[in-house]
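Below is one structure, written out as structure tokens, with a few remarks after it.
Laboratory data are not the source of any read-out in this text; all were calculated from the coordinates shown. All of these numbers come straight from a predicted model, not from anything done at the bench. Cβ placement follows ideal geometry from the backbone for every residue including glycine, while neighbour counts extend to all protein chains displayed.
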Amino acid sequence: MTELEQLRQQMDDVDASIVEALEARMEIAKKIAEYKLEKGMRVLDKSREAEVLISREGMLKNKEFAGAVNALFELLMEISRAYQKTVVQQYKAFDEDQAAVNVAYQGEKGANSEAVLKLYFGSSAHGISCNTFEDVFSIVAFGKAKYGVLPVENSNTGSIVQIYDLLTQYDVSIVGEQQMLIDHNLLGLPGSKLEEITDVYSHEQALLQCAVFLKEHEMTQHPYFNTAVSAKFVAKTNVKSNGAIASSYAAKLYDLEVLAEDISTYADNTTRFIIIAANREDIEDADKASVNFVLEHKSGALSKVLAAFAQRQLNMVKIESRPLENRNFEYVFYVDFEGKNIQENVSDVLEENKNLFVNYKILGAYKKRETIQL
């Protein structure tokens, strides 16, 4: 072998290492894209890219190659950005160039559900305001909106049972979730004072979550359609003794003042929202699933079913029971599980134990998300 052939062989060996490293780098880029997808982050992060160029140049032993290293990593980051955008699009999620999507929510602009839809789908999403939770289900089921955002449980007051009942009544699927720290404040007209407020309007859940504050200040509670609708009502009626429990975002929208901040009875007041769609979506790497089922009247049926899920390493994180219509003391169970290969494992458990069920349904398999705060 000539000296040139030896050098070329060395170059081939180095190139093989580069190809292997590139493959590993692209796999990491995919994971970063998935993380950004969960957090609602943009693909392009200019400050991070500048840091990378400085860092990689600092790794050089021979500074003569600084220009080559900068050119190489600028190209690598361009390739990574393009790949991450492809991943985002494949996951049917938003990025900065995605066209608007119709998303239904209950309440007026400024409601917590509206805030969640903007955070989940991006600012280009078009929110459709609905008067009731059932309206959200209805327009999603019949295709007037692609998605719906609904609160399903609160860390302090528990489940919103109407949502569970509607999940049985309507043929929709859960395709996502989002947990959000709730910003409950007492709002009043500009110039009003806390001690002047005698009547407070808000959604019944918000009133429950702020019960101690309301009792201490001897305020009369008025359940109303929604937190944002309540803020709008107080602004419109222009009565100084009226207040609303709503977010600081709603205060800005309806030109109200925050008279008392963070009035929830418990700290870390968190609400879990679900995202529904008319059709099930195949979500790669889904790690959470929701199911409902009705069991045969057999001794130990529920314990056997839950044990079967546990044997598949599926962690039960929520169970809720709701009475069946026209069937005394019989119930439909709603259960949330977390785990790997969740769609396949849940389907297998249900099929293997079908003799224990009157009926069952996989409500959806999706990605769990970390709690966010506005």
**Report entry** Surrounding net charge for A307, when Lys and Arg each add one and Asp and Glu each subtract one, Cβ distance under 15 Å
**Finding:** +1
Query raised in the report: If the cut-off is a Cα-Cα distance under 12 Å, which aspartates and glutamates reach K340, setting aside same-chain residues fewer than 8 apart in sequence?
Result: E284, D285, D287
Query raised in the report: What chymotrypsin sites (Phe, Trp or Tyr not before Pro) in the range 98-193 are in a loop by DSSP, with at most 15 other Cβ atoms within 10 Å of the Cβ?
Result: F142
Report task. Would you look at the GNM of the chain, springs on alpha carbons closer than 10 Å, and say which of V136, V349, V175 moves the most? Result -> V349
**Report entry** Anchor K215: lysines whose Cα lies under 26 Å away (excluding residues fewer than 8 positions away in-chain)
**Finding:** K193, K232, K236, K240
**Report entry** Hydrodynamic radius of the chain per Kirkwood, over alpha carbon pairs, in Å
**Finding:** 24.0
Report task. Could you please rank H297, H184, placing first whichever residue has the fewest other Cβ atoms within 10 Å of its Cβ? Result -> H297, H184
Report task. Sort D135, D171 so that the residue with the fewest other Cβ atoms within 10 Å of its own Cβ comes first and the one with the most comes last. Result -> D171, D135
**Report entry** Cleavage-rule hits (chymotrypsin sites (Phe, Trp or Tyr not before Pro)) in the range 272-348: DSSP loop, at most 13 neighbouring Cβ within 10 angstrom
**Finding:** F329
**Report entry** Exceeding the 22 Å Cα-Cα cut-off - candidates K118/K361; K31/K367; K30/K288; K118/K368
**Finding:** K118/K361
Requested in this report: Using the number of other C-beta atoms within 10 angstrom as an exposure proxy, rank T271, T157, T2, T237 with the fewest first.
Outcome: T2, T237, T157, T271
